[in-house]
1. Could you check how many residues of segment 46-74 are open to solvent by 10 Å² or more (accessible area, probe 1.4 Å) and touching a strand residue (DSSP E or B) at 6+ places or on another chain (Cβ under 8 Å)?
2. Could you tell me how many of the residues in segment 137-172 are at pLDDT below 90 and of a type outside the set (S, T, N, Q)?
3. Could you tell me whether Leu149 is assigned to a helix (DSSP H, G or I) and either more than 18 Å from Thr63 (Cβ to Cβ) or open to solvent by 60 Å² or more (accessible area, probe 1.4 Å) (or both)?
4. Determine the pairs where a residue that is in contact (Cβ under 8 Å) with a residue 12 or more places away in the chain and assigned to a loop (DSSP other than H, G, I, E, B), located within segment 221-237, has a partner that is open to solvent by less than 20 Å² (accessible area, probe 1.4 Å) and of a type in the set (Lys, Arg) with Cβ atoms under 9 Å apart, the partner being 6 or more residues away or on another chain.
5. Pairs under 7 Å by beta carbon, first residue free of Cβ contacts under 8 Å to residues at least 12 places away in the same chain in segment 60-88, partner of a type in the set (Lys, Arg), six or more apart or different chains?
6. Within segment 178-198, is even one residue in contact (Cβ under 8 Å) with a residue 24 or more places away in the chain, among the hydrophobic types (A, V, I, L, M, F, W, C) and under 23 Å from Thr59 (Cβ atoms)?
7. Scan segment 133-146 residue by residue and report those that are open to solvent by 20 Å² or more (accessible area, probe 1.4 Å) and under 14 Å from Tyr71 (Cα atoms).
Amino acid sequence: MMSSSSPPPPASLPAGSSSLFRGYTKLCKGLAIILLLVHLLVQLFPSAVAYLALIPSRTIPFTWNLITAGYVEQTIPGVVVSIIGLLSFGKLLEPLWGSKELSKFIFIVNFSTSACVFITAIALYYITQQESYLYTPLSGFYGVLSGLLVGIKQLLPDQELNLFVLKIKGKWIPSLVALISVVVSFFVKELVSYLPILLFGIYMSWIYLRYFQKRLETGLKGDPSEEFSFSSFFPEFLRPILDPIASIFHTLLCGRSEISDGRGQTLDTSPLPGSDSIEANRRRERGQRALEQRLAEKLAAVRSPEGTPLDAADKV
């Protein structure tokens with residue numbers, strides 16, 4: 001016989017709150033925790049910035065700064081933006097790339113961005129003789145975030161994404177973010193130090209995706225499609241000016257590269273006629289399937305709590 005004073009069953013969480021944190025990948029959750037912990041570390045021990053951030057005058061003995069600097073957010077708004085951006089962009093890209101490729105992408109973009117920022121700071125010091133270029137701590141996850149936006153441009157070019165109050169197609173978001181950052185840096189001097197990180201993040205991620213990322217569906221490296229060319233980041237009226245300049249870098253990076261097809265033959269890296277549109281369609285279809293799958297999972301997660309009380313009642 002049950003006592004009338006028995007405790008009531010625990011209240012279930014609302015369906016919206018139970019699915020609030022669903023869909024984020026383990027890799028991005030782990031990196032978000034690292035960003036938060038490193039931020040807390042530099043807040044509790046400010047001297048840690050000298051060992052973790054990129055300080056060009058100390059980078060030669062402290063070469064690990066080229067890796068750790070990307071994970072050091074020195075401000076609260078910075079760590080909030082980085083964590084939200086990482087979770088949101090990673091949720092879109094990891095189902096398409098896989099955890100291994102996404103982690104490889106983040107490592108390469110982070111390291112190459114820091115290396116470019118270091119070289120730029122040294123060059124600016126020799127040009128201007130201003131010691132601030134040598135001793136200013138440079139850090140932040142913005143290089144990787146801007147690189148993830150380039151990945152969205154490649155895989156989901158026509159997908160409309162919410163950027164604050166605007167809905168913008170994925171292919172224009174990296175260009176818009178770069179433009180806004182350049183304009184704002186003229187008025188907010190504190191943001192000037194972040195500008196090279198963001199711009200190099202966009203460029204180095206495009207270099208990797210354009211020429212070096214291995215595509216499993218074709219076995220080739222890079223993305224030769226016209227929709228992912230360097231000039232595609234700019235308005236169409238500028239492309240006749242930019243295309244000749246971009247062709248120089250294309251020749252330097254892969255002008256002599258040939259890829260073996262496994263039978264002793266070589267394949268030219270230039271795309272076949274019509275292959276650009278075929279590759280773009282494949283990317284869109286792959287991205288669309290991933291989005292539909294995530295929407296189905298979210299609907300299932302919302303409906304499952306509603307069905308729980310009925311299931312329990314049937315068993316009584």
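1. Residues flagged as open to solvent by 10 Å² or more (accessible area, probe 1.4 Å) and touching a strand residue (DSSP E or B) at 6+ places or on another chain (Cβ under 8 Å) within segment 46-74 amount to 2.
2. Qualifying residue count for the region: 16.
3. Yes: the conditions hold for Leu149.
4. Listed by first residue and then by second, the contacts come to Asp223/Arg283; Ser225/Arg283.
5. none
6. yes
7. Pro137, Leu138, Tyr142
The rows are residues; the columns are (1) among the aliphatic types (A, V, I, L, M); (2) at pLDDT below 90; (3) assigned to a helix (DSSP H, G or I).
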residue	(1), (2), (3)
Leu27	yes, no, yes
Leu40	yes, no, yes
Pro61	no, yes, no
Gln74	no, no, no
Pro77	no, no, yes
Leu86	yes, no, yes
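The values are calculated or read from the model by the stated rules, or taken from the named source; none is laboratory data. Just so you know, these numbers come straight off a predicted model, no measurement behind them. All Cβ positions, even for glycine, are placed from backbone atoms using ideal geometry, and neighbour counts span all protein chains on display. Heads up: the accessible areas ignore ligands, DNA and RNA and are worked out on the full protein's heavy atoms, side chains in. Shrake-Rupley method; radii C 1.70, N 1.55, O 1.52, S 1.80 Å.
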